[in-house]
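Shown next, in structure tokens, is the structure this report addresses.
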Amino acid sequence: FPPLRPAVLLGLVDGVTVVLLGALVSNYHAGLLCQGFPLGNGILLPAATRLAVIHWVHRVAAFTFVGYLFWLVIRLRGQRRAYRAALLTLGLALVQVVVAATMVLQLLPPGLRILHLMLGTAIWASLVRLAWVDRRAVAAEVEPTASSPMNEPSGVLPSRAADRRPGIWSDLVT
């Protein structure tokens, strides 16, 4: 398998980090320790309790992730499928920030908590799709061209390669 591009791999790592930090915030019930948005309790840095710090780091990581997705969308602009996958991820992340802010300002109502979790899952799924699309793009760049003598079966001259139709397998994988 070809490797992922470093930019996409970094986005995956950043996304996983935000999801795992969010799981910690939820499991330790740290959601109410940083009330208000974007500041926690009206100050830049929260009180130095372990749970408040976990919540604050989750917020900072989420903002970093959204900023990184903006950069990634701009970087992938020339690659249609990867661009669209990154744009979907960015859109979901922006909706996630709005839901998170509303959730914190309304003291964590269950409906918004469920929506926040569902959006996090959708973001993770869109990151997996982005990685899949990127890996296919990298594989296509590495793959030799159809007119390459290495792709010709024995007895077929390279000049006749353009006259042949691709097989059913190439239709399925493109």
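The values are calculated or read from the model by the stated rules, or taken from the named source; none is laboratory data. Quantities reported herein were computed from a predicted structural model and do not represent experimental measurements. Neighbour counts run over all protein chains shown; Cβ positions are idealised from the backbone, glycine included. When the accessible area is computed, the model is the full protein with side chains, heavy atoms only, and any ligands, DNA or RNA have been set aside. Shrake-Rupley method; radii C 1.70, N 1.55, O 1.52, S 1.80 Å.
Heavy-atom accessible area for PHE37, with the other protein chains in place and a 1.4 Å probe, reaches approximately 70 Å².
The string of couplings for the stretch 77-88 from the Karplus curve (6.51, -1.76, 1.60, θ = phi - 60°) is 3, x, 10, 3, 5, 5, 4, 5, 5, 5, 5, 4 Hz, one whole number per residue in order, with x for Gly and Pro.
For an R0 of 25 angstrom, estimate the FRET efficiency from the Cβ-Cβ distance between ARG113 and LEU45 and round to the nearest 0.05. Mind showing how you got there, number by number?
Values: r = 25 Å, r/R0 = 0.99.
In this case the efficiency is close to 0.50.
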